[in-house]
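Colleague: Got a structure for you, written out below as structure tokens; questions coming shortly.
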């Protein structure tokens, strides 16, 4: 019997891997002796490799993302040196769009699965057990001697009615974040996002979803984070889940990524009645500049977003997390300041200032030359500059992001910050830009600061 280990290097200790649980569940009949191993990127590579070596797998699989690709390859290379007979398969978004290149550049990797992994993994296991042909496995790239071969057929979409996400270890995960999905795909085509490479949205069976969520609540899970790209793209489906979760006992918090401009009156009215702390919403505004939104094909209605956020804020029972992305095409430093002010004025619980990452397979990466992009060559492929924003301006925004986290998002300085923003400053963006210049002129960025020190600097 083949021993299979499916591993993931999470970004933080409190995170869990949804992907490897799906894979293990979908292939359990072919590989009953399958073990899941989770680590985080802050652990020593040697320690992780030693633990995996002790499992003695015949096949080792890794879920690969921008935050763990480097460490994953270091672990694989180490293990192949001491266990050359080990077979290694990689999957996930970081290897799906250049599978042949990944194999060519990494001799320690034997197979790469591109796309949804459930069916290709079953095909790979069947072939390794002598009952199939690797060349017939859709979505699989592999070595054949000195050649690198890849199936002409893409990985088929998984049957969402058949696969399941089995969290068998809930007792051990009570203080961790449980990741979950009700759907796959996204109705939008935002060109900076990998969801734009797929068309349509598929939903898991509603009753199965409710059954899983009941288990999470009963187990006392601290937080369930839905990874659906646009949770409320189907209004009726989303409202059904909202109503179901609002009626559950227990203190589990549920985090959703939503499109605020899709919230209708019925949903907004219901959400105002939900117990405080039950839900939190992440709303990806990204930009309010129409030419930028048109280029990246993000279809939003800013007036509806603002109105919905104001309604949600007025109810005061749902934590709101609004996102902006710096470095998008056609949005200059000055224009980004307008987007910043638009979102800041809505007073979200958290305003996250992120930076564009030119992800493999994304439309923006494919057109990087058109916009003069300069970005880091290795994951996370973060933008350094483009035709509309310089590296110096990106660095200024990095400084603003730091102070935004320290002073605004921490909620430790609300009265002082409100007073400062009312005094002799044209808007919030100018205030944080000036504060950043002051901070850096004095070298405060070069050392850590406790809460009292932050108050003294602000005063």
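Colleague: Looking for whichever is touching a residue at least 12 places away in the same chain (Cβ under 8 Å) and under 18 Å from the mean Cα position of the chain (by Cα) here; the options are 213, 194. Which one fits?
Modeller: 194
Colleague: A further question follows. Collect the residues in the range 125-137 that are without any contact (Cβ under 8 Å) to a residue 40 or more places away in the chain and in contact with a strand residue (DSSP E or B) (Cβ under 9 Å, 6 or more places away or on another chain), keeping them in residue-number order.
Modeller: Matches in the range 125-137: 127, 134, 135, 137.
Colleague: Given the criteria in contact with a helix residue (DSSP H, G or I) (Cβ under 6 Å, 6 or more places away or on another chain), closer than 28 Å to residue 43 by Cα, surrounded by fewer than 24 Cβ atoms within 10 Å (Cβ to Cβ) and modelled with pLDDT of 95 or more, does residue 93 qualify?
Modeller: Considered against the rule, which asks whether it is in contact with a helix residue (DSSP H, G or I) (Cβ under 6 Å, 6 or more places away or on another chain), closer than 28 Å to residue 43 by Cα, surrounded by fewer than 24 Cβ atoms within 10 Å (Cβ to Cβ) and modelled with pLDDT of 95 or more, residue 93 comes out as yes.
Colleague: Quick one: in the range 24-58, of everything that is part of a loop (DSSP other than H, G, I, E, B) and over 17 Å from residue 124 (Cβ atoms), which residue is nearest to the chain's Cα centre (by Cα)?
Modeller: Of everything passing the filter in the range 24-58, 41 is nearest to the chain's Cα centre (by Cα).
Colleague: Condition first: touching a strand residue (DSSP E or B) at 6+ places or on another chain (Cβ under 6 Å) and either in the same structural domain as residue 112 (by TED's automatic domain parsing) or not in a loop (DSSP other than H, G, I, E, B) (or both). Now tell me which residues in the range 152-193 satisfy that.
Modeller: 177, 178, 179, 180, 183, 184, 185 - these are the residues of the range 152-193 that are touching a strand residue (DSSP E or B) at 6+ places or on another chain (Cβ under 6 Å) and either in the same structural domain as residue 112 (by TED's automatic domain parsing) or not in a loop (DSSP other than H, G, I, E, B) (or both).
Colleague: Find the residue count for the range 293-335, including only residues that are within 19 Å of the chain's Cα centre (by Cα) and part of a loop (DSSP other than H, G, I, E, B).
Modeller: Residues that pass the stated criteria total 4.
Colleague: Continuing with the same structure: Criterion first (modelled with pLDDT of 95 or more, surrounded by 19 or more Cβ atoms within 10 Å (Cβ to Cβ) and assigned to a helix (DSSP H, G or I)) does residue 351 satisfy it?
Modeller: Details: modelled with pLDDT of 95 or more: yes; surrounded by 19 or more Cβ atoms within 10 Å (Cβ to Cβ): yes; assigned to a helix (DSSP H, G or I): no.
Spelling it out, it is not the case that residue 351 is modelled with pLDDT of 95 or more, surrounded by 19 or more Cβ atoms within 10 Å (Cβ to Cβ) and assigned to a helix (DSSP H, G or I).
Colleague: In addition: Just one of 382, 366, 401 is assigned by TED's automatic domain parsing to the domain that holds residue 322 and modelled with pLDDT of 95 or more; which is it? Steps first, answer last, please.
Modeller: On the way: 382 fails: assigned by TED's automatic domain parsing to the domain that holds residue 322; 401 fails: assigned by TED's automatic domain parsing to the domain that holds residue 322.
Answer to the check: 366.
Colleague: With respect to the numbered conditions (1) assigned to a helix (DSSP H, G or I); (2) touching a helix residue (DSSP H, G or I) at 6+ places or on another chain (Cβ under 6 Å), which one is the sole condition not fulfilled by residue 101?
Modeller: (2)
Colleague: Which of (1) surrounded by 14 or more Cβ atoms within 10 Å (Cβ to Cβ); (2) at pLDDT 95 or above is the odd one out, the single condition residue 457 does not satisfy?
Modeller: That leaves (2) as the condition not met.
Colleague: List the residue pairs whose Cβ atoms are under 7 Å apart, where the first residue sits in the range 343-363 and is touching a residue at least 40 places away in the same chain (Cβ under 8 Å) and on the phi > 0 side of the Ramachandran plot, the second is outside any loop (DSSP other than H, G, I, E, B) and surrounded by fewer than 20 Cβ atoms within 10 Å (Cβ to Cβ), and the two are 6 or more positions apart or on different chains.
Modeller: 361/194; 361/197
Colleague: Looking for whichever is crowded, with 18+ Cβ neighbours inside 10 Å, modelled with pLDDT of 95 or more and at negative phi here; the options are 186, 182. Which one fits?
Modeller: On inspection, the qualifying residue turns out to be 182.
Colleague: Next question. From 21, 74, which residue is buried (at least 18 other Cβ atoms within 10 Å of the Cβ) and not in a strand (DSSP E or B)?
Modeller: 21
Colleague: Would you confirm, using the coordinates I've provided, whether residue 316 is exposed (fewer than 15 other Cβ atoms within 10 Å of the Cβ), out of contact with any helix residue (DSSP H, G or I) (no Cβ under 9 Å at 6 or more places or on another chain), closer than 18 Å to residue 350 by Cα and assigned by TED's automatic domain parsing to the domain that holds residue 329?
Modeller: The answer is yes for residue 316.
Colleague: Is at least one residue of the range 29-39 out of contact with any strand residue (DSSP E or B) (no Cβ under 7 Å at 6 or more places or on another chain), buried (at least 18 other Cβ atoms within 10 Å of the Cβ) and in the same structural domain as residue 95 (by TED's automatic domain parsing)?
Modeller: yes
The values are calculated or read from the model by the stated rules, or taken from the named source; none is laboratory data. All values reported here derive from a predicted model rather than from experimental measurement. For neighbour counting, all protein chains shown are included, and Cβ atoms are generated from backbone atoms with ideal geometry for every residue, glycine included.
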